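Trainee: Take this structure, written in structure tokens, and hold onto it; I'll ask about it next.
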Amino acid sequence: MLIWRCWNVRNSVMMAGERVSVDGSVAFLSRYMVSLLQIRQRGPLDDVKGKHKVIKRWAPPMGDVLKINVDGDFIVETGAAAVGVVIRNKDGTPLLMACRKVVHCRDAEEIEALACLEGSRMGASWADCSFILESDNASVIEKLKMREWQRSNVAPVILDTLHAKAELGSLAFAKIGREQNKVAHELAHFALRKDVNCVWFANFPECLVTLACKDII
């Protein structure tokens, strides 16, 4: 946690030109220590047979690979839509979080495809690195892995994502479960709930950092 805070302070000073006090860092770390202890005390859930349920969590990448998690949120009743992106390293430290509202979105599959495109483009800040992009939408991941031309409503978005992939060192696509994609999922919700479009390299929203902490304890 201390290393994580040091990284955030470094980004705040170098990228945002902010001044960060020692007292502020102490308060920040104290709050998160309390949050982590509360999470640990809850323990694993039991099923009806008394057995521990296996809770799948986000898995950190290996070595110098960076992992991009993306998700889309689409509200059928209103047509409101948003995407969420988080990029983390092998230690689980967030390097970037982003959320953006999307207008004129057709359906849930399109917003999931747009989330993959957004994540691929966000990787440009580390263009020489290798990436794994994870989404919990099987249909979109399958389309991104196909080599032949596709006829579908999201084909143009898929093509744009593959073009963005070509600008990176390497990028692999993987399907994961929703429980392994909570941070990106919450980022998409955050955009709609707070009515914001944001990219953070430091000073991430506390609610999102708490979720990220749960992935690595």
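Trainee: Has region 132-147 got at least one residue that is at pLDDT 95 or above, of a type in the set (A, V, I, L, M, F, W, C) and in a strand (DSSP E or B)?
Mentor: Checking region 132-147: at least one residue is at pLDDT 95 or above, of a type in the set (A, V, I, L, M, F, W, C) and in a strand (DSSP E or B).
Trainee: Looking at region 170-187 only, could you name the residues that are of a type in the set (A, V, I, L, M, F, W, C) and more than 19 Å from E142 (Cα to Cα)?
Mentor: Selection gives V183, A184, L187.
Trainee: Of all residues in region 95-116, which are surrounded by fewer than 24 Cβ atoms within 10 Å (Cβ to Cβ) and closer than 19 Å to L168 by Cβ?
Mentor: L95, L96, A98
Trainee: On to the next question. Are there any pairs, at least 6 apart or on different chains, whose C-beta atoms fall under 6 Å, with the first in region 161-185 and under 15 Å from I132 (Cα atoms) and in the same structural domain as Q150 (by TED's automatic domain parsing) and the second surrounded by fewer than 19 Cβ atoms within 10 Å (Cβ to Cβ) and among the polar types (S, T, N, Q), and if so, which?
Mentor: If the second residue must be surrounded by fewer than 19 Cβ atoms within 10 Å (Cβ to Cβ) and among the polar types (S, T, N, Q), the pairs left are G169/S130; S170/S130.
Trainee: So which pairs qualify, if the first residue must be in region 119-130 and within 13 Å of T161 (Cβ to Cβ), the second must be crowded, with 18+ Cβ neighbours inside 10 Å and at pLDDT below 95, the Cβ gap must be under 8 Å, and the two must be at least 6 apart or on different chains?
Mentor: none
Residue by residue, here is whether (1) modelled with pLDDT of 95 or more; (2) of a type in the set (A, V, I, L, M, F, W, C); (3) under 15 Å from V154 (Cα atoms) holds:
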site	(1), (2), (3)
D73	yes, no, no
A80	yes, yes, no
I87	yes, yes, no
K101	yes, no, no
H104	no, no, yes
D107	yes, no, yes
E110	yes, no, yes
A113	yes, yes, yes
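Trainee: While we're looking at this one, here's another question. Could you list, in sequence order, all residues of region 135-158 that are hydroxyl-bearing (S, T, Y) and without any contact (Cβ under 8 Å) to a residue 12 or more places away in the chain?
Mentor: Once the filter is applied, which keeps residues that are hydroxyl-bearing (S, T, Y) and without any contact (Cβ under 8 Å) to a residue 12 or more places away in the chain, region 135-158 yields only S152.
Trainee: Another question, if that's okay. It is to be established whether one or more residues within region 34-44 are under 17 Å from E186 (Cβ atoms), modelled with pLDDT under 65 and either exposed (fewer than 13 other Cβ atoms within 10 Å of the Cβ) or in contact with a helix residue (DSSP H, G or I) (Cβ under 7 Å, 6 or more places away or on another chain) (or both).
Mentor: yes
The values are calculated or read from the model by the stated rules, or taken from the named source; none is laboratory data. From a predicted model like this one, the values you see are computed outputs, not experimental measurements. Please note: Cβ atoms are built from the backbone with ideal geometry, for glycine as well, and neighbour counts cover all protein chains shown.
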